[in-house]
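One structure is given below, encoded as structure tokens.
The values are calculated or read from the model by the stated rules, or taken from the named source; none is laboratory data. Keep in mind it's a predicted model, so treat the numbers as computed, not measured. Cβ: placed from backbone, ideal geometry, glycine included. Neighbour counts: every protein chain shown. Ligands, DNA and RNA are stripped out before the accessible areas are found, and what is left, the full protein with its side chains, is counted by its heavy atoms. Shrake-Rupley method; radii C 1.70, N 1.55, O 1.52, S 1.80 Å.
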Amino acid sequence: MKRFLALLLTALLLLTGCARQEYLQEEIFCMDTVMSLKIWGPEEAMDGCREALYGLQNTWSATREDSLISRLNRGEAVALTEEERSLLEKVEALSARTGGAFDPCLGALCEAWGFYGQSYRVPDAQQLAAALDESKWDMGASIKGYSGNVLVDILKETGAERAVLNMGGNVQTFGEKKDGSPWLVAVQDPFGGSGYACLISVTGTCAVVTSGDYQRYFEENGVRYHHILDPKTGYPADSGLASVTVVCRDGLTADALSTALFVMGLEEGSRFWRESEDFEAVFILKDGTVCATEGAQVSGCEYEVIRR
Ligand code: AMP
Ligand code: MG
């Protein structure tokens, strides 16, 4: 009997040992994309991150009637919290820094192309001019990156050890890997291949954010119209790039810059990088060439190095 009990106990221990996962994992649909949250930490870290994401979506969405953004766009008088005011100021500063390539007030243009509610259409010249004239907030190019920053604060507050948060093309790492090796972030193949285009290594807490022409688009008469718009022309940016990935300690900056660099293209984007010190970038050209700034830790593909 004793022997039987000992065996039973061992079996139970083995079973519970197998069942106990080291991390928490959850997939949620938020901000129009599937997000995957992997957290080595307490339940309250996961709960806090999930709630914060839904809250940020409800506040900053351009398509929800009751969001802060919709109320601002309708011209309602809104009392902003300190955090809201600060974010709007930060995106305005990033717009100025990028010479307007990242423009958080392109809402009317996104609407004219039917990117809200997937009622896609190619606007005529008059509609384009009218949309370019109108200033409406759209935080689509920056809110996921900003969310990364908010989640990092929650992870710190709740005592999480490490995390990998994938917010649809926006990857936010937190903390160090257990074995001390760097996090490896795969950059999606923009040409639809099943594998990745390249891998980027980062250490500690970092944002790796990709903007690409494959992420949202429609086709009309054989032409692809994607969702990253050039504020100068009103048309989808046609800068010779298929995607740009930005590596930066700050999530908001990473997100705004990935969009801006996509609009700028390789040459102007490289120049912009040379004048900056807070990020690295990986450009994938439409012909498949990969070009990476010299500080980016790239592997898994052949690439050209962009030097200072
Ligand atoms: P991202 O995927 O971060 O590059 O952001 C693209 C989204 O941001 C689009 O779906 C639009 O909502 C919005 N957007 C498009 N073009 C721009 C632009 N040039 N600057 C800022 N936001 C933009
Ligand atoms: Mg962006």
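Taking the stated definitions as given, is Arg216 modelled with pLDDT under 95, surrounded by fewer than 19 Cβ atoms within 10 Å (Cβ to Cβ) and within 12 Å of ligand 1 (Cβ to nearest atom)? Reasoning before the result, please.
Values: modelled with pLDDT under 95: yes; surrounded by fewer than 19 Cβ atoms within 10 Å (Cβ to Cβ): yes; within 12 Å of ligand 1 (Cβ to nearest atom): yes.
Spelling it out, Arg216 is indeed modelled with pLDDT under 95, surrounded by fewer than 19 Cβ atoms within 10 Å (Cβ to Cβ) and within 12 Å of ligand 1 (Cβ to nearest atom).
When you go through Ile143, Ile154 one by one, which is the residue that is more than 16 Å from ligand 2 (Cβ to nearest atom) and of a type in the set (A, V, I, L, M, F, W, C)?
Checking each option against the conditions leaves just Ile154.
Evaluate segment 54-62: report whether one residue or more is more than 22 Å from Leu106 (Cβ to Cβ) and part of a loop (DSSP other than H, G, I, E, B).
no
Inspect all residues belonging to segment 240-256 and state whether any of them is open to solvent by 10 Å² or more (accessible area, probe 1.4 Å) and over 16 Å from the mean Cα position of the chain (by Cα).
Within segment 240-256 (the criterion being open to solvent by 10 Å² or more (accessible area, probe 1.4 Å) and over 16 Å from the mean Cα position of the chain (by Cα)), the answer is yes, since at least one residue qualifies.
Return yes when Arg274 is away from ligand 1 (no atom under 11 Å from the Cβ), basic (Lys, Arg) and without any contact (Cβ under 8 Å) to a residue 40 or more places away in the chain and no when it is not.
The answer is yes for Arg274.
One line per residue, one yes/no per condition, for (1) at pLDDT 95 or above; (2) among the hydroxyl-bearing types (Ser, Thr, Tyr); (3) in contact with a Cys (Cβ under 6 Å, 6 or more places away or on another chain); (4) open to solvent by 60 Å² or more (accessible area, probe 1.4 Å):
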position: Gly269; (1), (2), (3), (4): yes, no, no, no
position: Glu280; (1), (2), (3), (4): yes, no, no, no
position: Phe283; (1), (2), (3), (4): yes, no, yes, no
position: Lys286; (1), (2), (3), (4): yes, no, no, yes
position: Cys291; (1), (2), (3), (4): yes, no, no, no
position: Val305; (1), (2), (3), (4): yes, no, no, yes
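So which residues in segment 89-105 are farther than 13 Å from Ala260 by Cα and in contact (Cβ under 8 Å) with a residue 40 or more places away in the chain, if there are any at all?
Correct list: Lys90 only.
May I ask you to verify whether Gln188 is free of Cβ contacts under 8 Å to residues at least 60 places away in the same chain and either open to solvent by less than 10 Å² (accessible area, probe 1.4 Å) or farther than 26 Å from Glu294 by Cα (or both)?
No: the conditions fail for Gln188.
Suppose we keep only residues that are outside any loop (DSSP other than H, G, I, E, B) and within 16 Å of Gln118 (Cβ to Cβ) within segment 203-228. Which one would you say is nearest to ligand 2 (Cβ to nearest atom)?
Checking each candidate, the answer is His226.
Please tell me if Thr233 is within 11 Å of ligand 1 (Cβ to nearest atom) and in a loop (DSSP other than H, G, I, E, B).
Criteria met by Thr233.
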